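Just below is one structure, and these are the notes that go with it.
No value in this document is a laboratory result; all are computed from the given coordinates. None of the values given here were measured: they were computed from a predicted structure. A quick note on method: Cβ atoms are made from the backbone with ideal geometry, for glycine too, and the neighbour counts reach across all protein chains shown.
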Amino acid sequence: MGEITAPALAAAVARIAVAAEAFAPELNAADGALGDGDLGITVSRGFGEAAGAALPADVGLAFLECAKAFQRVSSSSYGTLVATALMATAKATKGRDAVPASDVPGLLKGALDAMMARGKGNLGEKTVLDSLHAVMLALDERGEGDVMPAAVRAARETVESFRARPNKLGRARMFGDGSIGLADPGQLAFCLIVEALQTAMVPAGRTGVTDGD
């Protein structure tokens, strides 16, 4: 992972927007089993709007523009959490034209804390918070170099490991044990976003996640 700049952020958001349009039906189906069935639309519209935003060179202000764009088209709880994470990152990076990759785990920690405070959630409740936490730990342990394979692996493993647990937060908690065996839509969305982000960063000739990464 290279340093974060406004152009790099714009390219990443654009790639996620394209991927989100493609995986929206999958997310809608997963959300339909435990919620309103519109999470794919939420994610697709949010990143589509962010991809069309004009981003200033200041990384923090660029993240803020993405947050505002997401809020304009997505008032759902998931959209609010994404915007909250982006705003927390914006605050932490304001005034900088480039942010080193080594800062990313700390930025994820700040985003996680902000999301937990906004959504009144805790780790272990089978939500996107668990996914963000797992990726944060994976990147922190990985250190420098190509960290995206580790991030993708952590996101995928979180979806699968929590599949056997009941949801304990949000609308999905009303399903109780009926949510056991189902992927949490928020965790799945985060996983698909991380996978899309990886494809935007993989050098030519390399794809996927390998054990040697």
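Cross-link candidates for Lys68: which aspartates and glutamates have Cα within less than 15 Å, leaving aside residues fewer than 8 places away along the same chain? Within the straight-line cut-off, Lys68 pairs with Glu49.
Name the lysines eligible as straight-distance cross-link partners of Lys120: C-alpha to C-alpha under 18 Å, and not fewer than 8 places from it in the same chain. Once the sequence-local lysines are set aside, what remains near Lys120 is Lys109, Lys168.
Think of the chain as having a plus end and a minus end, set by charges on the Cβ of Lys, Arg, Asp and Glu; of Gly46, Ala155, Met116, Met116 sits farthest toward the positive end of this dipole. Taking a point 7 angstrom from the Cα of Ile180 along the C-beta vector, which residues in segment 106-126 have backbone N less than 20 Å away? Those under the cut-off are 124-126. Note on the chain: with charges restricted to the Cβ of Lys and Arg (+1) and Asp and Glu (-1), its dipole about the Cα centre is near 560 debye. The slack between Glu21 and Ala164, meaning 0.36 nm per residue of separation minus the straight C-alpha distance, is 48.7 nm. The distance between label points at Leu137 and Leu123 comes to 0.6 nm (points 7 Å beyond Cα on the Cα→Cβ vector). Rounded to the nearest 500, the helix-only mean residue ellipticity at 222 nm of the chain stands at -21500 deg cm²/dmol, with each DSSP H run of n ≥ 4 adding -39,500 (n - 2.57). The local environment of Arg96, defined by Cβ-Cβ distances under 11 Å, has a net charge of -3 under the rule Lys, Arg +1 and Asp, Glu -1.
As an exercise, find the ratio Rg/Rh for segment 18-67 from alpha-carbon atoms, using the Kirkwood inverse-distance average for Rh. Could the numbers behind the result be given before it?
Values: Rg = 13.4 Å, Rh = 11.7 Å.
With Rg and the Kirkwood Rh in hand, the quotient comes to 1.14.
Across the chain, C-alpha contacts under 8 Å between residues 6 or more apart give a mean separation that, scaled by the residue count, equals a relative contact order of 21 percent. Taken over the chain, the ratio of Cα radius of gyration to 2.2 N^0.38 Å equals 0.96. Membrane-span-like helices in the chain (whole DSSP H runs, Cα extent of at least 15 Å along the helix axis, mean Kyte-Doolittle hydropathy of at least 0.5): 6-32, 39-51, 59-73, 77-93, 104-119, 128-142, 185-201.
A compact globular protein would have a Cα radius of gyration near 2.2 N^0.38 Å; the ratio found for segment 44-97 is 1.04. Comparing Ala54, Ala154, Ala101 in a Gaussian network model of the chain (Cα springs below 10 Å), the most mobile by mean-square fluctuation is Ala54.
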